[in-house]
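Shown below is the structure under consideration.
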Amino acid sequence: MKLPMPRLHKEIHKSYRIGWLRAAVLGANDGTISTASLIMGVAAAGAPKSTILLTGVAGMVAGAMSMAAGEYVSVQSQADTEKADIAKEKRELETEPEDELEELADIYVSRGLDKPLAIKVAEQLTAHDALGAHARDELGITETLRARPIQAAVSSALSFIAGAVIPIAAAFLSPADLIPVLLTATVLAALVLLGGTAAYAGGAPPGGGALRVAFWGALAMGLTAVAGRLFGAAV
Ligand SMILES: [Zn+2]
């Protein structure tokens, strides 16, 4: 069933960007922080550079797959819910068309239309595309916001990989004994950039977003370095 496409305004509302941006930035942050922490832990344990790089690549693939699997499962269940809601709506439109018309008119009244106009609008939209009108105005399901599991899974895996490449490249380009220092500097700079961009694109002050992400990144790398050092000394 083709759902109604909202007519796009000239100015781009941030809400259209939010959906995919949040997934992309979360995935990238996750990729950077978890891969950098893995590399930091192994480096702190005194592993050779080849092992450090192998760990980074294995962590990147494992993380990307788990992000994709998690995103696919959650968005697929959202898609299933949407499909079930639309099927139920279709049945109700067939079995109780008057009640459904009344319900639609009430939605427009609650949005500020007077009753006679609301009924007229509901009648015209019902005549034009009843299911589309109910999906959009009652269930909040439109073509733009519809759940797309594969797209969500692929975009979160790719953003995880995009984030993970940063610490792997830093480790690859660093002399073995300087990996912890150069990795920390590179990753914190990348997290400040990512966090600030995400905050800015979402309409929030970039500084706060940058600090928040950098803080958690530093904490994660610090803790795994300690764990790696302790574990490295123990074995
Ligand atoms: Zn309805």
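Here is a check on your reading of the model: is ALA24 closer than 20 Å to SER159 by Cα and at pLDDT 95 or above?
no
What are the pairs with Cβ atoms under 9 angstrom where one residue, in the range 148-174, is free of Cβ contacts under 8 Å to residues at least 12 places away in the same chain and the other, located anywhere, is open to solvent by less than 10 Å² (accessible area, probe 1.4 Å)? Sequence gap at least six, or different chains.
Partner pairs satisfying both residue conditions: SER174/LEU183.
Could I ask something else about it? If only one of VAL226, VAL235, VAL192 is touching a Leu at 6+ places or on another chain (Cβ under 9 Å) and either open to solvent by 50 Å² or more (accessible area, probe 1.4 Å) or of a type in the set (D, E, K, R) (or both), which one is it?
Just a single option satisfies the conditions, and that option is VAL192.
OK, next. Test ASP99 against the stated conditions and say whether it is more than 16 Å from the ligand (Cβ to nearest atom), modelled with pLDDT of 95 or more, among the charged types (D, E, K, R) and open to solvent by 30 Å² or more (accessible area, probe 1.4 Å).
no
Follow-up. Can you name every residue in the range 87-96 that is of a type in the set (A, V, I, L, M) and either within 10 Å of the ligand (Cβ to nearest atom) or not in a helix (DSSP H, G or I) (or both)?
Taking the range 87-96 and keeping what is of a type in the set (A, V, I, L, M), we get 87, 93.
Once the filter is applied, which keeps residues that are of a type in the set (A, V, I, L, M) and either within 10 Å of the ligand (Cβ to nearest atom) or not in a helix (DSSP H, G or I) (or both), the range 87-96 yields only LEU93.
Looking only at the range 102-118, filter to residues that are open to solvent by 60 Å² or more (accessible area, probe 1.4 Å) and under 19 Å from LEU131 (Cα atoms); which one of those is nearest to the ligand (Cβ to nearest atom)?
Selected residue: GLU103.
If you don't mind, there's one more thing I want to ask. Report, by residue number, each residue of the range 44-89 that is in contact with a helix residue (DSSP H, G or I) (Cβ under 7 Å, 6 or more places away or on another chain), among the hydroxyl-bearing types (Ser, Thr, Tyr) and open to solvent by 60 Å² or more (accessible area, probe 1.4 Å).
TYR72 - this is the single residue of the range 44-89 that is in contact with a helix residue (DSSP H, G or I) (Cβ under 7 Å, 6 or more places away or on another chain), among the hydroxyl-bearing types (Ser, Thr, Tyr) and open to solvent by 60 Å² or more (accessible area, probe 1.4 Å).
Please go through (1) modelled with pLDDT of 95 or more; (2) more than 15 Å from ALA23 (Cβ to Cβ) for GLY140 and return the number of the only condition it doesn't satisfy.
It fails just one condition, (1).
The values are calculated or read from the model by the stated rules, or taken from the named source; none is laboratory data. Bear in mind the structure is a predicted one, so any value in this text is a computation, not a measurement. Cβ sites come from the backbone with ideal geometry, for glycine too, and all protein chains shown count toward neighbours. Only protein heavy atoms, including side chains, enter the accessible area calculation; ligands, DNA and RNA are left aside. Shrake-Rupley method; radii C 1.70, N 1.55, O 1.52, S 1.80 Å.
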